[in-house]
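Notes for the one structure printed next.
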Amino acid sequence: MSAVTYQGPNKVEVTKVPDAAIEKRDDIVVRMTSTAICGSDLHLYKGNFPLPHGYVIGHEPMGGGADAVIDCVGMDGKKTPLEYIEQKLKLQGGMLGPIQFSTKAVRKFGTVQLTGVYGGNYNLFPLGAFFSRNITLRMGQAPVIHYMPELFRKIMDGEFDPKAIVTHRLPLGEASHAYSIFNGREDNCIKVVLKP
Ligand SMILES: NC(=O)c1ccc[n+]([C@@H]2O[C@H](COP(=O)([O-])OP(=O)(O)OC[C@H]3O[C@@H](n4cnc5c(N)ncnc54)[C@H](O)[C@@H]3O)[C@@H](O)[C@H]2O)c1
């Protein structure tokens, strides 16, 4: 990808730098469609700080927002202490972080899809942000029955092999162990198939 890089006092250059990549579990990579130059960038530009050549400068990216944001976290993601207490006190169904974040990450007239499961009632739901930005909010359990014929055809045609995600095949009698390793993400568990 291209980036504006520091090349000495009062000198910047657009150079190729490695593409942004997911480094931490809850990282996201977004495509920038615009970026602005901020006054504080000038401190770097003027060489007021010791910077290596090639250092990427600029911090006012504007992404107009994504056309669609898909929340795959749901109510059981990492909670703030307040969300944790509220959930324990049954004042809140779970966490809202990704939903609140999605209102900022999606573009005006964009779509937010809630695939992560949410149950119960929620305080501080960012309704105003959804409304003021004309966001379409979609949600629900995947209507798998509807997709099955197409998925079976793709499997039969060898377009993909669902076995690829099956990491554990266990007898039904080991269901308790199976749930424990799946829940704990132990033993590189991604998908368990239980055999009666
Ligand atoms: N709608 C459906 O049909 C459907 C289908 C399958 C799963 N789900 C739901 O999707 C959700 C995720 O399921 P999964 O199996 O992918 O779980 P997972 O644990 O594999 O993935 C959850 C991801 O969310 C991240 N995360 C946790 N807290 C976060 C936070 N506060 N902010 C940002 N990221 C955070 C985690 O790092 C992890 O990468 C669950 O609620 C599950 O029930 C819904």
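The values are calculated or read from the model by the stated rules, or taken from the named source; none is laboratory data. Everything numeric here is computed off the predicted structure, so don't read it as measured data. Quick reminder, even Gly has a Cβ in these numbers, built from the backbone with ideal geometry, and neighbours come from all protein chains shown. The protein model used for the area step is the full one, side chains on, heavy atoms only, and it has no ligands, DNA or RNA in it. Shrake-Rupley method; radii C 1.70, N 1.55, O 1.52, S 1.80 Å.
Taking the condition in the same structural domain as residue 83 (by TED's automatic domain parsing), aromatic (Phe, Trp, Tyr) and either touching a residue at least 24 places away in the same chain (Cβ under 8 Å) or open to solvent by 60 Å² or more (accessible area, probe 1.4 Å) (or both), does residue 160 pass? Quick ask: steps written out before the conclusion?
Numbers: in the same structural domain as residue 83 (by TED's automatic domain parsing): no; aromatic (Phe, Trp, Tyr): yes; either touching a residue at least 24 places away in the same chain (Cβ under 8 Å) or open to solvent by 60 Å² or more (accessible area, probe 1.4 Å) (or both): yes.
So residue 160 does not fit the description; no.
Just for the stretch 105-149: of the residues that are assigned to a helix (DSSP H, G or I), of a type outside the set (Phe, Trp, Tyr) and under 27 Å from residue 90 (Cα atoms), which one is nearest to the ligand (Cβ to nearest atom)? Spell out the reasoning first.
Initially, the stretch 105-149 is screened for residues assigned to a helix (DSSP H, G or I), giving 105, 127-132, 144-149.
Now restrict to residues that are of a type outside the set (Phe, Trp, Tyr): 105, 127-129, 132, 144-146, 148-149.
Now restrict to residues that are under 27 Å from residue 90 (Cα atoms): 127-129.
Numbers: 127: 20, 128: 21, 129: 17 Å.
Per the stated criteria, the residue is 129.
Can you name the strands (runs of 3 or more DSSP E) wholly within the stretch 21-82 that have at least 3 residues being within 14 Å of the ligand (Cβ to nearest atom)?
Details: elements: 34-36, 60-62, 66-71.
Of the strands (runs of 3 or more DSSP E) lying wholly inside the stretch 21-82, those with at least 3 residues that are within 14 Å of the ligand (Cβ to nearest atom) span 66-71.
Given the structure, is residue 14 of a type outside the set (Asp, Glu), in a strand (DSSP E or B) and loosely packed, with under 11 Cβ neighbours inside 10 Å? Reasoning before the result, please.
Values: of a type outside the set (Asp, Glu): yes; in a strand (DSSP E or B): yes; loosely packed, with under 11 Cβ neighbours inside 10 Å: yes.
The answer is yes for residue 14.
To keep it simple, each residue is scored yes or no on (1) in contact with a strand residue (DSSP E or B) (Cβ under 8 Å, 6 or more places away or on another chain); (2) farther than 26 Å from residue 8 by Cα.
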residue: 26; (1), (2): no, yes
residue: 34; (1), (2): yes, no
residue: 39; (1), (2): no, no
residue: 42; (1), (2): no, no
residue: 45; (1), (2): yes, no
residue: 50; (1), (2): no, no
residue: 59; (1), (2): no, no
residue: 68; (1), (2): yes, yes
residue: 72; (1), (2): no, yes
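From the list 147, 179, which one is of a type outside the set (Asp, Glu) and at pLDDT below 95?
Details: 179 fails: at pLDDT below 95.
Exactly one residue qualifies, and that residue is 147.
I'd like the residue in the stretch 132-151 that is surrounded by 11 or more Cβ atoms within 10 Å (Cβ to Cβ) and free of Cβ contacts under 8 Å to residues at least 24 places away in the same chain and, out of all such residues, is farthest from residue 66 (Cα to Cα). So that I can check it myself, show each step before the final result.
At the first step, the residues of the stretch 132-151 found to be surrounded by 11 or more Cβ atoms within 10 Å (Cβ to Cβ) are 132-133, 135-139, 147, 151.
Those still in the list that are free of Cβ contacts under 8 Å to residues at least 24 places away in the same chain too: 132, 147, 151.
Working: 132: 16, 147: 26, 151: 28 Å.
Taking the candidates together, the pick is 151.
With respect to residue 96, determine if the residue is open to solvent by less than 60 Å² (accessible area, probe 1.4 Å) and assigned by TED's automatic domain parsing to the domain that holds residue 134.
Numbers: open to solvent by less than 60 Å² (accessible area, probe 1.4 Å): yes; assigned by TED's automatic domain parsing to the domain that holds residue 134: yes.
It is true that residue 96 is open to solvent by less than 60 Å² (accessible area, probe 1.4 Å) and assigned by TED's automatic domain parsing to the domain that holds residue 134.
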